[in-house]
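First the structure, in the form of structure tokens, and then the observations on it.
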Amino acid sequence: EFKLTILMAQLPGMAYRCLNDKHWTMLYVSDGCAELTGYTPDELVNNKLIAFNEIIHPDDREAIRKTYTLKGNERHQFEQLYRIITSTGILKWVWEQGEAALDDDGKIVLQGLILDITDRVEMEQDLRESQGRYQSLFEASPDAILLTDLTGAIQVCNARAAGLLDTPSADALVGKNAIDFLVPEDSLRIRSNLKLLIDEE
């Protein structure tokens, strides 16, 4: 038991065991719950100060209940991505993986691990926003922009390139060879240069 306690203390996030009830009444939580939620184990276990359901973001509670009720009844493993609100009002994104099990009395309990993935979620959101800005600039550019591989095959291009090459749409250009649109003398020179690049690689 001592070794297990030490192991649980080293885990990132919060290990837990809870009832499959409307409060997600915690029967056990590891010490990591303090860093994750701002509440101590004593405050969470048996809903002494607050029920875990109250920590979950209100907009995510219903979806979690549907997932957990189904999986709990089927006694399967489950995973879930949702938001919590800490004791100081900080919003965090967490990823939970667990399983339904039977206790000594034959009742369904849930047990698993909850990890803080806020940094990863925010990074992915920033990346999507950055990609959106890039896409807007790419499409709005007055210049024709084409991305090709070393053979000249077009991977992606903007609407201005399609107009310049008298093609119905940018998608219609994908897969075609950009060199084929050049005048013969330029085409030969570019093919020669690309061959040199490929040979050097």
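The values are calculated or read from the model by the stated rules, or taken from the named source; none is laboratory data. Since the structure is predicted, the reported quantities are computational estimates derived from the model, not experimental observations. Cβ: placed from backbone, ideal geometry, glycine included. Neighbour counts: every protein chain shown. These accessible areas exclude ligands, DNA and RNA; they are computed on the full protein's heavy atoms, side chains included. Shrake-Rupley method; radii C 1.70, N 1.55, O 1.52, S 1.80 Å.
Miscellaneous remarks
- Selection from the range 99-122 of residues that are under 20 Å from the mean Cα position of the chain (by Cα), free of Cβ contacts under 8 Å to residues at least 60 places away in the same chain and closer than 20 Å to Tyr68 by Cβ: Ile117
- Gly72 being open to solvent by less than 60 Å² (accessible area, probe 1.4 Å), under 19 Å from Thr118 (Cα atoms) and modelled with pLDDT under 90: no
- Residue within the range 87-98 that is under 26 Å from Thr40 (Cα atoms), of a type in the set (S, T, N, Q) and touching a residue at least 40 places away in the same chain (Cβ under 8 Å) present: yes
- Total residues in the range 1-52, condition open to solvent by 30 Å² or more (accessible area, probe 1.4 Å), modelled with pLDDT of 90 or more and assigned to a helix (DSSP H, G or I): 5
- Complete set of residues in the range 149-189 that are over 28 Å from Tyr134 (Cα atoms), open to solvent by less than 100 Å² (accessible area, probe 1.4 Å) and in a helix (DSSP H, G or I): Pro184, Asp186, Ser187
- Residue list for the range 112-130, filter: hydroxyl-bearing (Ser, Thr, Tyr) and either more than 19 Å from Cys33 (Cβ to Cβ) or touching a helix residue (DSSP H, G or I) at 6+ places or on another chain (Cβ under 8 Å) (or both): Ser130
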